[in-house]
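Taking it in order: structure first as structure tokens, then the write-up.
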Amino acid sequence: MGEVVSLDRQLMLLLNFDGGKRTDTFWYTFSDGRIWFPLLAVCLFMQFKSCQGTVRHQLLFLMIFLLLLVVSDQLSSDVIKRLAGRLRPSHDPATDHLLHDVNDYHGGLHGFVSGHATNTVTITTWLWLICRDKPTRACMVVFALITCYSRIYLGVLYYPGDIICGAILGFVLTYLAFRLTGKYFTVSTQKRPDLIRITLFITLSLILIYSTFKTFMV
């Protein structure tokens, strides 16, 4: 176990680095959940439309997803964190002085498992099961990966092992929940969900433009 923990710390320190003001601003802005509200709204709308039947069925299907998201968030961010009690890198005496942090942000005390990884994979797995469009599926996988990495770059939240375990938790919960609801709802796969890709591209472009602009203004 000691070797695994040591490897996790070494990998964290390898992936966490000082990329400069623009890179810091990009990842810090990327991690602001408010900027992703438009994408979340698009995803919720798509899930609503994917459920066949009455409006009541569509609303119930949407509520099940939202309930799943609440469960995954509370399980990862509250229950498991308290039981495991593993310090985040920014609070671990073995790593806190070695990390590059952004805007003096250090996060909470415990980090196992990663709530961001659990929630992101919960959302992307649910959408993956609804979408059959390969480019959109690829975009969702990339989005999940870079979201997880953003937590490492910021140097405040998670070790790679925390993120991997959180991602596994999100996938398992979502897959089981989707298969269970499939017995009661008819879900039509969305073959061309262009709006998701467009919204994701616009949001990332705005983050990049903002981070570049803010760098030159300093």
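The values are calculated or read from the model by the stated rules, or taken from the named source; none is laboratory data. Everything numeric here is computed off the predicted structure, so don't read it as measured data. Here the Cβ is made from the backbone with ideal geometry for all residues, glycine too, and neighbour counts use every protein chain on show.
Please find, within the range 11-27, the residue that is farthest from the chain's Cα centre (by Cα) out of those that are within 19 Å of L204 (Cβ to Cβ) and part of a helix (DSSP H, G or I). Please lay out each step first, then the result.
If we filter the range 11-27 for residues that are within 19 Å of L204 (Cβ to Cβ), which is where we start, we get 19-27.
Right, trim to part of a helix (DSSP H, G or I) and you get 21-27.
On the way: K21: 23, R22: 22, T23: 19, D24: 18, T25: 18, F26: 16, W27: 13 Å.
Only one residue tops the list, namely K21.
Being assigned to a loop (DSSP other than H, G, I, E, B) and of a type in the set (S, T, Y) is the filter here; which residues of the range 166-189 pass it?
Pass one, the range 166-189, residues assigned to a loop (DSSP other than H, G, I, E, B): 182-185, 188-189.
Those that are assigned to a loop (DSSP other than H, G, I, E, B) and of a type in the set (S, T, Y): Y184, S188, T189.
Can you tell me which of S77, S50 is modelled with pLDDT under 90 and under 20 Å from I164 (Cβ atoms)? Even if it seems obvious, please write down each step before you answer.
On the way: S50 fails: under 20 Å from I164 (Cβ atoms).
So the residue among S77, S50 that is modelled with pLDDT under 90 and under 20 Å from I164 (Cβ atoms) is S77.
Kindly provide the set of residues from the range 85-137 that are surrounded by fewer than 20 Cβ atoms within 10 Å (Cβ to Cβ), assigned to a loop (DSSP other than H, G, I, E, B) and modelled with pLDDT of 75 or more, ordered by number.
Within the range 85-137, R132, D133 meet the criteria.
Restrict the check to the range 51-63 and report whether at least one residue is surrounded by 13 or more Cβ atoms within 10 Å (Cβ to Cβ), in contact (Cβ under 8 Å) with a residue 12 or more places away in the chain and either touching a Gly at 6+ places or on another chain (Cβ under 6 Å) or in a loop (DSSP other than H, G, I, E, B) (or both).
Within the range 51-63 (the criterion being surrounded by 13 or more Cβ atoms within 10 Å (Cβ to Cβ), in contact (Cβ under 8 Å) with a residue 12 or more places away in the chain and either touching a Gly at 6+ places or on another chain (Cβ under 6 Å) or in a loop (DSSP other than H, G, I, E, B) (or both)), the answer is no, since none of the residues qualifies.
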